[in-house]
Amino acid sequence: MSAAASMVYLFGMLDGALPLVVLALALEVVVGDPVTRWHPVALFGRAVAAVLRLVPRASPRAQLGFGAALVGGSVGLVALGSALALAWLGSLAPPPGTLVGALLFKVSFSYRQLRTETLGVAAALRDQDLVGARHRLSALVSRDTGDLDSSRASSAAIESLAENLCDSVVAPFTYFVLFGVPGALAYRAINTLDAMVGYHGEYEYLGKVAARVDDVANWVPARVTAGLLAVGAWLGGADAAAALAVGLREHRQTESPNAGWPMAAMAGALRVRLEKPGHYVLGSRFPAPAPSGIPRAVRIADWVVGLLAAALVGLALT
């Protein structure tokens, strides 16, 4: 493999990356993100769950230290291990390195499944199947969906789409451009750790490190996502000016320093109120969403993902 192509794996430069990028994007379109216990993210999650059995429960300080070691060790292992493996494969012959690199890059991002699940909620609500919509929502949100009415189910679906657009597409693409395949995988490991332990619950002190690292990792991508949603709103016939205005004005309403940016921007773009009762209200000046707002939100997200994919291919061509 050429030195330029190896840089794609180790340092994020996109010289020689076009075959890898195109193949990864094609895998997303054709295959998506299959739900299987052998998926690399699922394997990573099971490995973390096994390590969590060793968590010291008596001392918050010990949990903090354990959490720091868990984040540093697992993320470092993912990044360094993937970089060395890809560099070794590439040194043998370009095709194996490109193929495995594309597969691993694809592991770091996912949009097709998010889109399918979101539209599934819209279809259930359109058919007045509130029970089915609540069930589909359980794959998208962590909140209790059992008492959501049609409007709040629509709101939850739109919120999840906007937030996960950052976590599942914009951030992995950003770290791929900056640090190559290892960077994208390291981000996915950080995001997975945050989802598993986070700030609250049984592992509150353990999860503080993972949550803080995830906050830092998403700081730029979240704000980029909000800007891209305004562009997507303009291209998709929604309200781009309101997307920017609400994003800037109301992003602080959420507990997370990042999640409020894309969700508030989407609320403005659709001119709807997105609300998680007891936690936040975004787009407070607008009416609650109807189920018809979900496909409109997906159309905006489609534009964002399409623009990102085109930009990634364009960077790889230069």
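Data for the structure
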| quantity | calculated |
| --- | --- |
| Any hit, segment 197-217, residues being crowded, with 24+ Cβ neighbours inside 10 Å and free of Cβ contacts under 8 Å to residues at least 60 places away in the same chain | yes |
| Residue satisfying condition, being small (Gly, Ala, Ser) and over 19 Å from the mean Cα position of the chain (by Cα), within set Ala186, Ala240, Ala195, Ala217 | Ala240 |
| Residue identified as out of contact with any strand residue (DSSP E or B) (no Cβ under 7 Å at 6 or more places or on another chain), among the aliphatic types (A, V, I, L, M), over 22 Å from Gln113 (Cα atoms) and surrounded by fewer than 20 Cβ atoms within 10 Å (Cβ to Cβ) among Ala310, Ala243, Ala316, Ala238 | Ala316 |
| Every residue from segment 284-295 that is surrounded by fewer than 21 Cβ atoms within 10 Å (Cβ to Cβ) and closer than 20 Å to Tyr111 by Cα | Pro295 |
| Residue in segment 82-111 that is modelled with the lowest pLDDT, counting only those that are in contact with a Phe, Trp or Tyr (Cβ under 8 Å, 6 or more places away or on another chain) and more than 30 Å from Leu161 (Cα to Cα) | Gly90 |
| Considering residues of segment 139-153 that are small (Gly, Ala, Ser) and more than 19 Å from Gly32 (Cα to Cα) only, the residue modelled with the lowest pLDDT | Ser142 |
| Residue list for segment 6-41, filter: modelled with pLDDT under 85 and either part of a helix (DSSP H, G or I) or within 23 Å of Gly76 (Cβ to Cβ) (or both) | Ser6, Met7, Val8, Tyr9, Leu10, Phe11, Gly12, Met13, His39, Pro40 |
| Residue in segment 123-138 that is surrounded by fewer than 17 Cβ atoms within 10 Å (Cβ to Cβ), in contact with an Asp or Glu (Cβ under 7 Å, 6 or more places away or on another chain), within 15 Å of Glu159 (Cα to Cα) and modelled with pLDDT under 95 present | no |
| Boolean, Asp167 is surrounded by 18 or more Cβ atoms within 10 Å (Cβ to Cβ), under 30 Å from Gly293 (Cβ atoms) and at pLDDT 95 or above | yes |
| Residue that is aliphatic (A, V, I, L, M), in contact with a helix residue (DSSP H, G or I) (Cβ under 9 Å, 6 or more places away or on another chain) and within 18 Å of Leu193 (Cα to Cα), where the choices are Val220, Val213, Val224, Val246 | Val213 |
| Qualifying residues in segment 246-283 (those that are in contact with a strand residue (DSSP E or B) (Cβ under 8 Å, 6 or more places away or on another chain), part of a loop (DSSP other than H, G, I, E, B) and on the phi < 0 side of the Ramachandran plot) - the one surrounded by the most Cβ atoms within 10 Å (Cβ to Cβ) | Thr254 |
| Matching entry among Pro56, Pro96 (being in a loop (DSSP other than H, G, I, E, B) and either surrounded by 19 or more Cβ atoms within 10 Å (Cβ to Cβ) or not aliphatic (A, V, I, L, M) (or both)) | Pro56 |
| Residue match in segment 159-172 (condition: in contact with a strand residue (DSSP E or B) (Cβ under 6 Å, 6 or more places away or on another chain) and in a helix (DSSP H, G or I)) | yes |
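The values are calculated or read from the model by the stated rules, or taken from the named source; none is laboratory data. Since we're looking at a predicted model, the values are computed, not measured. Positions of Cβ are generated from backbone atoms using ideal geometry, with glycine treated the same way; all protein chains shown enter the neighbour counts.
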